[in-house]
Amino acid sequence: MENTMTETSQAAVVVRDVNKIFNQGKPNQVDALVGIDLDVQPGEFISLIGPSGCGKSTLLRLVADLLEPTSGTVTIHGKTAHQARVDQDYGMAFQQSGLFEWRSVERNIELPLELKGWDKTKRRERAQEMLELVKLPEFAKHMPWQLSGGMQQRIAIARALASHPKLLLMDEPFGALDEMTREHMQAELLRICAAAGTTVVFVTHSIPEAVYLADRVVVMSPRPGRITDIVNVGLGRDRNELTREAGDFFARVTEVREALRGIEMADQARGIEDR
Amino acid sequence: MNAARLRNLAATVLPPLVLGVLFLVAWQAWVVVSDVQPFVIPRPSAIWQAFVDDFDLVLKASIVTGMNALMGLVLGSLFGFVIAVLTNRFAFVSELVNPLAITIAAIPAVVIVGVLNNMYSLDSQIPRRIMVTISVFFVVFVQVAKGLRQNDATQMELMRSYAASPFDTLKKVRLPNTMPFFFTGVRTAAPLALIIALVSEYFGGTQNGLGSKISGTLNSANKALGFAYVLGGAIVGLLFFAGSNLLEYLVVPWRRRARSK
């Protein structure tokens, strides 16, 4: 009992003093991330935003244990990132849906469960439950190529959530969608994650998307990749289409934009000094 | 079938059909008008006559050569696939085998059949089958090795995020991804298999296949029969082509539908 108490009070993700250097010691060395500290609370929605090369995707991959930090630690619900991956404690979705084209929609959603050793009936049930969650229950037997881009992305999200992970990691999942579908998907994602109490770390380079979705927007800058600002959005949990037109929303968008512009100006100034 | 699909079908089938018929008519007309002797070039009508009259001869020879080609095609494809998967597990082996495979494929390897003929009894078809197997092997091997190296980055990251074992990743993702490459290899190797089986007969051994019959009769006065054997070979070749396409259609359905979209 006591054990569960400490677990629930634990941070969902803790990133401590993390550095990531690619090609260390070689002429093409890249300091992808320097001195990263980040705490994500359970149920929190975090957006990572910044110009290309700021290491936001790298940071996400460190949390997912798809990459290992050069130094520092990543902890997920008290476990090492590696253990969390082995235990399939998180779900993941990318810009490409990454659906397996030889598997039907339901068998795509079942794949992570299959790898966990679930039996077939249980898998089928869960796949159907997930399809209802993303509002595509009648597409279980369809093949991926029969779906539109937005529907494929919804299936990818259903698959990421299939094992009911407490943590969802997303790398520009709506980047390839048109604006209307994108806004619709954002609202759907908030609804789904609020219902399940899922913690989300969401990489994007759209400012309105970052603000609309997140409790906190983490602003990052390149060369070397680091966190320069964290904007508290504070728009409450109940967000809808009116949120996008609210004054508070625009105020936060402006705040994030100015934080990003600061990076740009500092970058230019440094460029001039270099010359 | 509705009118649009019928029109579509006609548009695909008619042009090559018309061209083929025109070619045969021109051939026939040329031979008749310029009075070419039948032992130089026979008329298409005479070839057809010989094909019908001696159908059992043509069929028997076609089965011998066709079986050699088929056995070699199946075995070569199997070996090519399995060995490509094995070498892919160990990167250094594939770096070693790949250039070797391409080099050996460039050698006119049919000569090996002469060596093999000395190792087996005179009436054995095994040397020819081995020859076809070797030729097919390299074609399929190179394609499968290429397919195994081309993985979708997102799919691979997903599998890693599921902590999937290398074996599960191979079975559930990389092999299905490789199937279209495998069939490209098989489709390329199918006509090759037949040609190698045919040419292998030129290097001695039993003279009961299409290759032996063609070389025997094309130099004789009965040229029409020689061409009838060639026609038999063409039909076997078409069957191979159709067969490998049908197999791909059945085994890799996602490719078929993705393509027709």
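Any read-out appearing in this document is the output of simple, stated calculations on the displayed coordinates, not a laboratory observation. All figures in this text were calculated on a predicted structure; none of them were measured in a lab. Here Cβ is always computed from backbone atoms with ideal geometry, including for glycine, and neighbour counts include all displayed protein chains.
Computed over Cα pairs, the Kirkwood radius of region B:107-198 leads via Stokes-Einstein (1.306 mPa s, 10 °C) to a diffusion coefficient of 103 µm² per second.
For the pairs A:116/B:172; A:20/B:172; A:26/A:79, note any where the Cα-Cα span goes beyond 22 Å.
Working: A:116/B:172 14 Å; A:20/B:172 32 Å; A:26/A:79 33 Å.
From the list (A:116/B:172; A:20/B:172; A:26/A:79), the Cα-Cα distance tops 22 Å for A:20/B:172; A:26/A:79.
The value of relative contact order for chain B, using C-alpha pairs under 8 Å at least six residues apart, is 27 percent. Quick one: Debye curve from the alpha-carbon atoms of the protein assembly as shown only, equal weights, vacuum; give me log10 I(q)/I(0) at q = 0.07, 0.10 Å⁻¹ to two decimals. Taken in order of the listed q values, log10 I(q)/I(0) reads -0.61, -0.92. For region A:42-103, the spread of Cα positions along the three principal axes, ordered from largest to smallest, is 39, 33, 27 Å. Only the Cβ atoms of Lys and Arg (+1) and of Asp and Glu (-1) were treated as charged; on that basis the dipole of region A:24-142 about its Cα centre amounts to roughly 360 debye. For region A:30-186, the alpha carbon positions stretch 47, 37, 28 Å along the principal axes, listed from largest to smallest.
Note on chain A: with a GNM built from Cα contacts shorter than 10 Å, the maximum mean-square fluctuation among A:57, A:148, A:47 falls on A:148. DSSP finds beta bridges in the protein assembly as shown, and of those with both partners inside it, around 55 percent are antiparallel. Of all aspartates and glutamates in the structure, the ones whose alpha carbon falls short of 16 Å from that of residue A:141, not counting any fewer than 8 places away in one chain, are A:101, A:106, A:110, A:125, A:129, A:132. Between residue A:145 and residue B:30, the modelled label-to-label distance comes to 4.2 nm, taking each label 7 Å out from Cα in the direction of the beta carbon. Determine the distance separating the Cα centre of region A:202-253 from the Cα centre of region B:13-42; give it in Å without decimals. Taking the Cα centre of each part, region A:202-253 and region B:13-42 sit 76 Å apart.
So if I average 1/r over every pair of distinct C-alpha atoms in region B:178-261 and take the inverse, what Kirkwood radius in Å does that give?
Details: mean 1/r = 0.0685 Å⁻¹.
It works out to 14.6 Å.
Using a 10 angstrom cutoff on alpha carbons, build the Gaussian network for chain A and name the most mobile of A:108, A:28, A:240. Between A:108, A:28, A:240, it is A:28 that shows the largest mean-square fluctuation. Normalising the Debye intensity of region B:1-76 to I(0), with uniform scatterers on Cα atoms only, and taking log10 at q = 0.18, 0.20, 0.27 Å⁻¹ returns -0.90, -0.91, -1.09. Here's the picture: charge each Lys and Arg Cβ at +1 and each Asp and Glu Cβ at -1 in region A:63-165, and of A:115, A:158, A:147 the one pushed furthest to the positive end of that dipole is A:147. Taking the Cα centre of the protein assembly as shown as reference, the dipole from Cβ charges on Lys and Arg (+1) and Asp and Glu (-1) amounts to some 1520 debye.
The three principal axes of the C-alpha atoms in region B:106-261 carry coordinate ranges of 70, 39, 23 Å, sorted with the longest axis first. Taking every DSSP beta bridge that has both ends in chain A, the antiparallel portion is near 55%.
Comparing A:45, A:249, A:174 in a Gaussian network model of chain A (Cα springs below 10 Å), the most mobile by mean-square fluctuation is A:249.
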